[in-house]
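Asks: There's a structure below that I have some questions on.
The values are calculated or read from the model by the stated rules, or taken from the named source; none is laboratory data. On a predicted model such as this, the values are computed, not experimentally measured, just so you know. So basically every Cβ, Gly included, is an ideal-geometry build from the backbone, and we count neighbours across all protein chains shown. Only protein heavy atoms, including side chains, enter the accessible area calculation; ligands, DNA and RNA are left aside. Shrake-Rupley method; radii C 1.70, N 1.55, O 1.52, S 1.80 Å.
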Amino acid sequence: MRIISLMLLCGIFVQISPGQEYAVTSPLGIVTVSFMLQDGAPYYQVTRFGREVINPSRLGFILEDAPLLADGFHVASCDTSHFDEIWTQPWGEKKVIRNSYNELRINLVEISAPKRTMAIVFRVFDDGIGFRYEIPEQPSLNDIEILDELTEFALAGNHQAWWIGAYWWNRYEYLYQQSPISKIDMVHTPLTIETEDGLYLSIHEAALTDFASMTLMRKDGNVLKADLVPWSDGIKVKTSTPMHSPWRTVQIADTPGGLITSYLILNLNEPNKLGDVSWVKPGKYIGIWWEMHLDKSTWGSGPRHGATTANAKRYVDFAAVHGFDGVLVEGWNVGWDGDWIKNSDKFQFTTPHPDFDIVEVTSYSADKGVRLIGHHETSGGISNYERQMADAFAYYERLGVRAVKTGYVNHGQGIKRLDENGKAQGEWHHGQFMVRHYRKAVEEAAKHHLMLDVHEPIKDTGIRRTYPNMMTREGARGQEFNAWGPKGGNPPEHTTILPFTRLLSGPMDFTPGIFDLLLEDHRPDNRVNTTLAKQLALYVVLYSPLHMAADLSENYEARPEPFQFIVDVPTDWEDTRVLNGRIGDYVIIARKDRNSDDWYLGSITDEEGRVLEAPLRFLESGTQYMAEIYRDGPAADWESSPYDIEIEHIPVDNATTLQLRLAPGGGQAIRFVAAGD
Ligand code: NOJ
């Protein structure tokens with residue numbers, strides 16, 4: 001690791017009349033942040049190569065029972081520093097990451113009594129900016145209740161944006177909308193933007209630790225304002241000094257793919273706090289899962305109960321034969337009977353159903369080199385879950401479980417919290433109460449050497465850097481919507497939007513790999529709106545360190561040739577390249593396996609068929625590869641002929657350019673096997 005830290009004096013900053021302006025530019029002189037006070041109120045501005053990206057935008061807070069922390073300031077001091085390090089992800093989409101930025105710290109003091117102080121720290125990278133508020137300990141600021149954060153993002157034009165609405169009942173599980181900024185009301189981050197002059201932006205936050213999550217509310221024109229998700233009593237953040245906010249971030253790229261390969265969010269998180277994480281292992285899993293979503297079996301007990309000892313052993317056998325690391329078993333514990341969404345207090349996390357012998361299943365699977373993946377559906381009963389959490393994780397640890405999928409199904413303000421008087425309060429999934437809970441779960445899981453895969457999560461803000469057991473999460477419409485979603489599930493363009501929106505925040509447990517696309521036997525009114533080849537391509541396109549092969553084993557046994565790609569594809573990468581992409585239309589992503597010389601490529605399209613060029617310049621020069629190509633067959637079409645697939649092996653090297661023919665709703669998956677592998 002190389003760290004250069006150099007302190008410069010404020011004196012080097014540009015002074016512009018009539019107000020003072022302090023500016024800092026990224027290491028390669030690409031992005032500049034300026035800070036200024038206007039009548040004592042703090043503002044910042046962002047430019048890229050001199051072009052305005054964010055016009056002067058307000059900063060500050062409104063506090064409960066205290067004057068605004070947003071005006072009447074002067075700059076008491078400031079300093080800059082340069083930071084440059086190379087760090088290694090224990091697992092990830094890229095192994096070695098460079099973290100290089102220039103920092104500007106502005107120390108503000110109120111001109112009049114009580115002369116409270118607040119710092120605003122800007123980190124300026126070549127691919128964007130992050131800034132946060134730091135409020136030091138001081139006599140007139142101890143316990144703080146934040147009523148509003150005034151941070152604005154005054155966009156320089158009425159750009160196109162891809163967004164999902166905030167405060168909607170189904171959390172983050174919506175199809176993305178595309179509209180001009182002027183049509184936005186209240187949206188979640190990351191918010192993806194294509195500017196009128198062809199830049200790509202993502203507004204988000206990093207290191208959300210003990211704060212409300214930030215949504216964005218449109219004010220006038222093209223100005224978006226931070227909107228913090230409140231507690232049930234209306235307060236947004238309850239904290240005390242010294243405190244710092246999460247980083248507010250704006251990533252900036254010339255291409256949509258440049259957003260995917262920006263690691264700014266991770267760079268703004270603290271390094272690994274867990275020490276030796278050799279027990280954290282990416283991998284692939286199958287599970288007693290899709291059969292419940294198809295309504296072939298049930299989570300609750302009864303004649304169709306899915307999580308039986310015999311059924312679990314059947315899955316373990318399949319996993320062992322095909323090299324899967326884990327078998328997820330949902331519905332194994334007591335609490336599912338009746339209305340489990342309402343009866344969240346009934347879940348018991350150390351009591352299996354009588355027809356699931358967890359000791360027998362875990363020892364059977366251990367003998368076969370497969371691990372049970374645990375499941376904790378809380379249905380938002382946080383008090384119930386937190387009471388049991390330590391015991392529940394310890395129980396799994398004793399049984400040799402290494403990964404737990406958690407779930408928080410509940411709607412709107414459906415999270416149940418008991419207040420000091422034991423009275424139930426309904427909290428949002430995204431407020432500070434839940435941010436604290438999700439963090440507590442990660443820390444508690446780490447104590448028991450457990451990895452987490454969180455469904456109905458808080459959005460990702462890069463904390464996997466600090467807690468590498470926080471593997472993957474849902475937080476968008478996943479595959480399950482194809483089983484029962486209204487209007488037939490996810491349309492073909494959905495997965496061509498996700499890599500440029502939801503996945504910018506971090507890995508997603510989308511659960512690809514459905515081979516029985518028409519679901520005729522179980523859900524005749526639903527279907528999976530892709531070709532078979534596109535299901536394979538999703539393993540490369542949608543990054544997740546834990547990827548599921550979601551379908552029933554018999555559907556894989558019926559199509560062993562395409563299934564081979566799922567068996568082969570790794571989930572831990574040395575490097576990631578985005579060859580091409582247009583948000584909501586198509587994308588081509590190539591990734592290098594971390595444990596071999598092989599590369600993989602995934603390309604998907606929306607409902608339009610396309611021919612895309614894929615120059616293989618990323619392959620090692622001088623090495624010959626066998627390209628194992630899984631592509632849409634000549635008749636393939638997501639609507640009329642989804643199963644048509646061709647598998648071909650051809651020799652290639654890094655001078656080869658492949659023409660990728662993608663059928664409507666289709667895709668292509670390729671494994672490049674290096675000679676000698
Ligand atoms: C919703 C999750 O997304 C899904 O994967 C899970 O099967 C159900 N909740 C039940 O926990």
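Asks: Between the DSSP loop rule and a limit of at most 13 other Cβ atoms within 10 Å, which GluC sites (Glu not before Pro) in segment 416-465 are left?
Replies: GLU420
Asks: Taking Cα pairs under 8 Å and at least six residues apart, what relative contact order does the chain come out at, in percent?
Replies: The normalised contact order for the chain reaches 10 percent.
Asks: Next question, about the same structure. Compute the long axis of helix 382-398 from its Cα atoms, compare it with the longest principal axis of the Cα atoms of the chain, and write down the angle in degrees, 0 to 90, nearest 10.
Replies: The angle comes out at about 50 degrees.
Asks: For segment 283-569, take N as its residue count and report Rg(C-alpha) divided by 2.2 N^0.38 Å.
Replies: Here the answer is 0.96, to two decimals.
Asks: Could you work out the per residue convex hull volume over the alpha carbons of the chain, in cubic angstrom?
Replies: Taking the convex hull of the Cα positions in the chain, it is 155 Å³ per residue.
Asks: Apply the Karplus curve 6.51 cos²θ - 1.76 cosθ + 1.60, θ = phi - 60°, to the phi angles in segment 181-198 and return the couplings in whole Hz, x for Gly and Pro.
Replies: 3, 5, 9, 7, 10, 9, 10, 7, 9, x, 9, 9, 9, 10, 7, 5, 9, x
Asks: Let me check against my output: what whole-number percent is the relative contact order of segment 138-255, with C-alpha pairs under 8 Å and at least 6 apart?
Replies: Value for segment 138-255: 33 percent.
Asks: Taking segment 64-169, which chymotrypsin sites (Phe, Trp or Tyr not before Pro) meet the DSSP loop condition and have no more than 15 other C-beta atoms within 10 Å?
Replies: When the chymotrypsin sites (Phe, Trp or Tyr not before Pro) of segment 64-169 are filtered for loop state and at most 15 Cβ neighbours within 10 Å, TRP168, TRP169 remain.
Asks: Cα to Cα, under 18 Å, and not fewer than 8 places away if on the same chain: which lysines meet these conditions relative to LYS219?
Replies: Result set, ordered by chain and number: LYS183.
Asks: Which value in nm describes the separation of the simple spin-label points at GLU386 and GLU620, placed 7 Å from the Cα toward the beta carbon?
Replies: It works out to 5.1 nm between the two label points.
Asks: Right, here's the next one. Per residue, how much accessible surface does segment 4-267 expose to a 1.4 Å probe? Answer in Å², no decimals.
Replies: 36 Å²
Asks: Let me ask something else. Can you bin segment 614-663 into rounded, prolate or oblate? Criterion: square roots of the alpha carbon gyration tensor eigenvalues sorted a ≥ b ≥ c, rounded for a/c under 1.5, prolate for a/b above b/c, oblate for the rest.
Replies: Prolate shape, in that a/c is at least 1.5 and a/b is the bigger ratio.
Asks: Using only helices, what value at 222 nm comes out for the chain when you add -39,500 (n - 2.57) per DSSP H run of length 4 or more and divide by the total residues, to the nearest 500 deg cm²/dmol?
Replies: Only helices count here, giving -4000 deg cm²/dmol.
Asks: Here's another thing I want to ask about it. So how tilted is helix 309-322 from the main axis of the chain? Cα-based, degrees 0 to 90, rounded to 10.
Replies: 80 degrees
Asks: Provide the per-residue ³J(HN,Hα) series for segment 654-661, in order, calculated from phi with Karplus coefficients 6.51, -1.76, 1.60 and θ = phi - 60°, each as a whole number of Hz, with x at glycine and proline positions.
Replies: 7, 8, 6, 10, 8, 9, 8, 9
Asks: By a straight-distance test (C-alpha under 17 Å), which lysines pair with LYS94 as possible cross-link partners, with residues fewer than eight away in the same chain excluded?
Replies: LYS281, LYS592
Asks: To the nearest 0.05, what FRET efficiency results for SER363 and SER240 with a Förster distance of 56 Å applied to their C-beta separation?
Replies: Working from the Cβ atoms, E equals 0.70.
Asks: Applying the Karplus parametrisation 6.51 cos²θ - 1.76 cosθ + 1.60 with θ = phi - 60° to the phi angles of segment 77-82, what ³J(HN,Hα) value in whole Hz is obtained for each residue in order, glycine and proline being reported as x?
Replies: 6, 7, 8, 10, 8, 10
Asks: If you don't mind, another one. How much accessible area does ARG527 have with a 1.4 Å probe, in Å² rounded to the nearest 10?
Replies: Near enough 40 Å² of accessible area.
Asks: Taking the Kirkwood radius as the inverse of the mean 1/r across Cα pairs, report the Rg/Rh of segment 277-366.
Replies: Result for segment 277-366 is an Rg/Rh of 0.99.
Asks: For segment 283-569, with every protein chain kept in place, what is the accessible area per residue (1.4 Å probe, Å²)?
Replies: Spelled out: the 1.4 Å probe surface of segment 283-569, per residue, equals 31 Å².
Asks: Provide the percentage of antiparallel DSSP beta bridges, counting only those with both residues in the chain; round to the nearest 5.
Replies: 85 percent
Asks: Please report the carbon-and-sulfur percent of the accessible area for segment 194-273; probe 1.4 Å, protein heavy atoms only, DNA, RNA and ligands left out.
Replies: 46 percent
Asks: Starting from the Cα of LYS346, draw a straight line to each of the lysines and keep only those under 28 Å, dropping any in the same chain fewer than 8 residues away.
Replies: LYS296, LYS313, LYS405, LYS416, LYS423, LYS440, LYS447, LYS459
Asks: Using modelled amide H (1.01 Å from N, peptide plane; none on Pro or chain starts), what sits under 5 Å from the amide H of GLU21, excluding residues fewer than 5 places away?
Replies: Excluding prolines and chain starts, which carry no amide H, the hits are ILE16.
Asks: Can I ask one more? Which three semi-axes in whole Å describe the equivalent ellipsoid of segment 4-267, each the square root of 5 times a Cα gyration tensor eigenvalue, listed largest first?
Replies: 27, 24, 19
Asks: Rounded to a whole number, what % of the accessible area of segment 283-569 do carbon and sulfur atoms account for, probe 1.4 Å?
Replies: 50 percent
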